[in-house]
Amino acid sequence: MDFEKFCRENCVERKGTGTLKWDSLQEVFGDADLLPLWVADMEIQSPPSAREAMQKRIEHGTFGYGKVTDDYYEAFFGWQKKHHGVELTKENVRFATGVVGSLYAAVRAYTQPDASVVICPPVYYPFYDAILNTGRKLVTCELDDNDGYFTLDLDKFDKTIAESKASMFILCSPHNPVCRVWTEKELEGMFEVCRKHGVLVVSDEIHQDFTYNKEHPFVSSALVGGGKYKDMLILLNSGSKTFNLAGLIHSHVIIFDQKLMETYDAYIKSIGSPEVNLMGVVGMGAAFRGGEEWFKNVKALICHNYDYMKQAFAKDAPKIVLTPLEGTYLSWMDLRGYMDGKEVADFIQKKCRLACDVGEWFSFTGHGFVRINLATDTKYIKTAVERIITNLKEL
Ligand SMILES: Cc1ncc(COP(=O)(O)O)c(C=O)c1O
């Protein structure tokens, strides 16, 4: 594949278009002039099928209340079955305005106000917010860092849950930011511990499509152990990462157990949650239907960007520990071979002039790590890598 050509034809300038990633640098980093590699969305235009369907809808010119069409269900269910082997029915699915919002909803719907909720840092920082902003007790069980490869110690996990009497575990699968695609065995280990202690699992599977090795596939929590944990599962996903449609604010809540679904429905009724987003249904449905070829190319570009970074660091900054990219499109690197962990955030922003998510956003003890979004034009990855290497040499 000609990656330069692909980027030329598919990547667009986003600055000045009301984009969180490019236009919030002043507010978030105090500096508008950084190269942004933080927010998990892409500079790549969404699949043609999605754009065409939305254009057609705009031509139609009415934007009254939408509904989820049979076409949508068919396309979404087809994607889930084909890519992940998960079979869904309408009864299992509800719609929401984002996975993060659904984390809050799950915490509120299923736990008591004084409950403890467990997460495994380093992990996507809104997980902390969903626990703390709902007034629940935050319980952390840090992953183990084995020279850049992250794993969960099940004994520690068991002890943490037992001691905190936690009632919910929020799982990130695949795990942002440590690039792990949990194996079925690992998931089964986690779920057995949860089962033993009566802990409900909320499985955030938004990155499910981003895996890079057929030998190491994503396994949905719904399929673990032949589906035997479905009765303790709230599964969240969306095509928003897959097709770069996050701004459409459209996602899925999947619940197999009837009682759990009744509780969810009652909670949603109690807060008068909004109807589904019209463009979410139109755009994401069309992406599930016609976006597969586009998606293959995007994954190839992500691999290309990762390989470029890996080779450049191996050659010119060998003390950077770059985590293997099993899943997600977010690279994760440890710069503590070059400086004290507490200096890394400043180094990346002030010296390298990059806007990145840094380790301490994901874990209280995460200083020293940097997350770089790979789903972008290769020219930005090259710039970032070059700035990191040059500035490390000047230390
Ligand atoms: C693990 C994870 N969950 C959820 C989200 C955001 O989901 P949404 O935009 O649907 O709220 C992200 C975005 O980066 C993510 O990485």
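A run of the chain free of exposed loop cleavage sites, with GluC sites (Glu not before Pro) counted only in DSSP states other than H, G, I, E and B and at most 16 other beta carbons within 10 Å, reaches its longest extent at 88-214. Under 19 Å from the 7 Å Cα→Cβ point of Glu215, by amide nitrogen: which residues of segment 284-315? From segment 284-315, the list is 303-304, 307. What FRET efficiency comes out for the pair Glu262/Val39, r = Cβ-Cβ distance, R0 = 30 Å, nearest 0.05? FRET efficiency, Glu262 to Val39: 0.25.
In the calculated pair-distance distribution of the chain, the portion above 29 angstrom amounts to 43 percent of the Cα-Cα pairs. The residues Asp2, Asp340, Asp209, when put in order of fewest to most other Cβ atoms within 10 Å, stand as Asp2, Asp340, Asp209. Per-residue ellipticity at 222 nm computed for the chain from its helices equals -12500 deg cm²/dmol, with DSSP H segments shorter than 4 residues left out and the rest contributing -39,500 (n - 2.57). Within a straight-line Cα-Cα reach of under 26 Å, Lys269 can be paired with the following lysines, leaving aside sequence neighbours fewer than 8 residues apart in one chain: Lys67, Lys90, Lys137, Lys230, Lys259. Projecting label points 7 angstrom from Cα along Cα→Cβ for His60 and Lys296 puts them 3.0 nm apart. The label point for Asp346 and the one for Thr19, both projected 7 Å from the Cα toward the Cβ, are 3.1 nm apart. When the Gaussian network model of the chain links Cα atoms closer than 10 Å, the mean-square fluctuations of Arg14, Arg180, Arg289 top out at Arg14.
In straight-distance terms, cross-link reach from Lys350 covers every one of the lysines whose alpha-carbon lies under 27 Å from its own, apart from those fewer than eight places away in the same chain; here that gives Lys15, Lys21, Lys310, Lys315, Lys319, Lys342, Lys379, Lys382, Lys393. The magnitude of the dipole of segment 51-290, with charges of +1 and -1 set on the Cβ of Lys/Arg and Asp/Glu and taken from the Cα centre, is near 560 debye. Of all the options Val28, Val12, Val193, the one that moves most in a Gaussian network model of the chain with Cα springs shorter than 10 angstrom is Val28.
Here the contact order of the chain, divided by its residue count and restricted to Cα pairs under 8 Å and six or more residues apart, works out to 23 percent. Distance between the 7 Å Cα→Cβ label points at Val12 and Glu91: 4.2 nm.
Comparing Ile271, Ile170, Ile302 in a Gaussian network model of the chain where C-alpha atoms under 10 Å apart are linked, the largest mean-square fluctuation is found at Ile271.
Distance from the alpha carbon centroid of segment 348-364 to that of segment 177-210 works out to 27 angstrom. A full extension of the chain between Thr390 and Tyr73 corresponds to an added length of 109.1 nm, given 0.36 nm per residue minus the alpha carbon distance.
Bear in mind these aren't lab numbers, they're just calculated from the coordinates by the rules spelled out. In this text, all values refer to a predicted model and were calculated from it rather than measured experimentally. Neighbour counts are summed over all protein chains in view; Cβ atoms, including those assigned to glycine, are modelled from backbone coordinates with ideal geometry.
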